[in-house]
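Colleague: Got a structure here, written out as structure tokens. Questions coming.
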């Protein structure tokens, strides 16, 4: 009788073999047995950690998602060190910090180092926007029903959103306007955008967009309509950002925009679809579709400007796109409800 062949040693799968797009992802605490909803919530946890300043409660799935992300960022998985695929397009040869002004010679300032790729969480961005919009719109509704003037209630809503997000997107808008307005070359614009100081252009942009949003919120016929518009604006303005990331390459070889990665097209489309569905459920079919079109227009406008100015996107560009899109949605819904639907 022939000898029984020896069992071949099974190859140990490393975490890098498992990290691929929205397949079961070790970074996000996913397994092959998890369903769509569970994976979406895991992605929500990671997206919430990066896009807001409010920590999730301890009873949330933090023990799986956050501990894995923290371990990966520290490289403490021994032979299972998690690596993410390089999804960014080829930006040409590395000329070094002296010849390539896009690169910061101090690597300690590179926020993309060991960064968990946000591109894998894009389907959850509308859900993050829903949570932020619910808090902001709820604050507006409560302030208005307590007797505050509509304009004051509008500022309460914006203050709430800024506290929840840490003014992340407002900071991006200010940096983009400073860079695009103050730099004469692509390199100068990127340098200015990385500077933590705010200039006159950035201050003016923040004043104008805050005033524009406040005036638009105060123009609704009731706080309920205003709260619904605010919720939809926060959802839609984040739902279309992945499409911008698909359409444009990262403008830098480092930084948050590069570290976020490039989402798959189907995930970007799903994020937009989720946002449109939430807007329709909140506002109705007509106003919801109008709001969605305005959100897409705002993101497309910012993407076009960014491509002409710096030939790509950065984290600041994404923040600016969110702010412009949010403002367009709020103002557009206020106009449409009055002039088309007579509400």
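Every number in this text was worked out from the coordinates using simple rules, so none of it is lab data. Bear in mind the structure is a predicted one, so any value in this text is a computation, not a measurement. Quick reminder, even Gly has a Cβ in these numbers, built from the backbone with ideal geometry, and neighbours come from all protein chains shown.
Colleague: Under a plain spin-label model, where a point goes 7 Å from the Cα along Cα-to-Cβ, how far apart in nm are residue 277 and residue 195?
Modeller: 4.6
Colleague: Can you work out the base-10 log of I(q)/I(0) for segment 121-339 at q = 0.10, 0.13 1/Å, using the Debye formula on its C-alpha atoms alone?
Modeller: -0.41, -0.69
Colleague: In Å, the Kirkwood hydrodynamic radius of segment 187-317 over pairs of distinct alpha carbons?
Modeller: 16.3
Colleague: Also, quick follow-up: Using the number of other C-beta atoms within 10 angstrom as an exposure proxy, rank 325, 216 with the fewest first.
Modeller: Ranked by crowding around the Cβ, least crowded first: 216, 325.
Colleague: While we're on this one: Taking the mean number of other Cβ atoms within 10 Å as a proxy for protection, how do you rank 239-245, 190-196 from highest to lowest?
Modeller: Top to bottom by mean Cβ count within 10 Å: 239-245, 190-196.
Colleague: Let me ask you something else. For a footprinting-style exposure proxy, rank 294, 289 by other Cβ within 10 Å, fewest first.
Modeller: Ascending number of Cβ neighbours within 10 Å: 289, 294.
Colleague: Residue 297 versus residue 253, label points 7 Å from Cα toward the beta carbon: distance in nm?
Modeller: 4.0
Colleague: Give me 237, 154 ranked fewest to most by other Cβ atoms within 10 Å of their Cβ, as a rough exposure proxy.
Modeller: 154, 237
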